[in-house]
1. What whole number of Å gives the distance from the Cα centroid of the range 83-125 to the Cα centroid of the range 1-60?
2. Which of the lysines could a cross-linker span from Lys9 if the Cα-Cα distance has to be under 29 Å and same-chain partners fewer than 8 positions apart are dropped?
3. Add +1 for every Lys or Arg and -1 for every Asp or Glu among the other residues with Cβ under 10 Å from the Cβ of Thr104, and state the total.
4. Of Trp66, Trp79, Trp187, which has the largest mean-square fluctuation in a 10 Å C-alpha GNM of the chain?
5. Using the Cα centre of the range 20-83 as origin and beta-carbon charges of +1 (Lys, Arg) and -1 (Asp, Glu), tell me which of Val54, Leu81, Ala68 is placed farthest towards the positive end of the dipole.
6. With a Cα-only, solvent-free Debye model of the range 13-108, what are the log10 I(q)/I(0) values at q = 0.11 Å⁻¹?
7. Could you work out [θ]222 nm for the chain from helices alone, using -39500 (n - 2.57) per DSSP H run of at least four and dividing by all its residues? Round to the nearest 500 deg cm²/dmol.
8. In a Gaussian network model over the chain where Cα atoms closer than 10 Å are linked, find which of Met204, Met212, Met180 has the largest mean-square fluctuation.
Amino acid sequence: MHPHVDVLKPQGSTNAVVLVLHGGREHGTEPVRRHNLAYLRMVPLARALRSPGVEVWNLRHRVRGWNAPSLDPVRDARWALDRIAELHPDTPVVLVGHSMGGRTALRVAGHPNVVAVCALAPWIVPGEPYEQLRDKSLLIAHGDQERMTDPAKSFAYARQAKTVTERVARFTVEGGDHAMLRRARDWTRLVVDFVRGELGLAPMAPDIANAMHEASPRGLDVPLGGSCG
């Protein structure tokens, strides 16, 4: 059984793909339904990411859990990346993941077609591998009202990632919560700006570009500006 994918195709040819990965839980073998909140949370973001030449794959995992040692979402994401590579050979891919999906995106970043990773409120644990991010671009965002995942761990992870790639930025969404409902427009703007900048569709937004140019640890705890949403 394969996971389900909702594909948002662009007008014209596909020049890049964004793979969107939703959250979940540490353990759980129940199937992910279309009405699952973790999946639904990513639907508006997936729609916002579609643009000329950019195809968006919104992945719905087979089951809800991370389920170590089987790592079900990692298997699902690798299946999707291989499928993308079959359909769109040599096409750059950007990964966008939330919570467990952020951890999943980081794990599969070593795929040769992946050029960048955006991890939103990622679930990070000590010892999480980071070597696979070598020469990739990484953006992490965590809300300061987070209650589900640990911003301190994503900060420590960003510092580790900075040792294998220079292109790392991490933002603190002031007033932001785990569900990304507070300041929703600003979360979306940050992701869209990063993806479009990395794919060369627009100049990289100044706040992201400046954060990436800073030496560690500067640029890894940047307050996210913008209006509330």
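The values are calculated or read from the model by the stated rules, or taken from the named source; none is laboratory data. These numbers were taken from a predicted model, which means no experiment stands behind them. Neighbour counts run over all protein chains shown; Cβ positions are idealised from the backbone, glycine included. For accessibility, only protein heavy atoms count, side chains too; no ligands or nucleic acids. Shrake-Rupley method; radii C 1.70, N 1.55, O 1.52, S 1.80 Å.
1. Here the answer is 12 Å between Cα centres.
2. Correct list for Lys9: Lys136.
3. Details: positive: Arg75, Arg78, Arg103, Arg107; negative: Asp72, Asp76.
Taking every Cβ under 10 Å from that of Thr104, the sum is +2.
4. Checking each option, the largest mean-square fluctuation is seen for Trp79.
5. Farthest along the dipole direction, towards plus: Val54.
6. -0.29
7. Numbers: 7 runs with 69 residues, N = 229.
So the helix-based figure for the chain works out to -9000 deg cm²/dmol.
8. Looking only at Met204, Met212, Met180, the biggest GNM fluctuation is shown by Met204.
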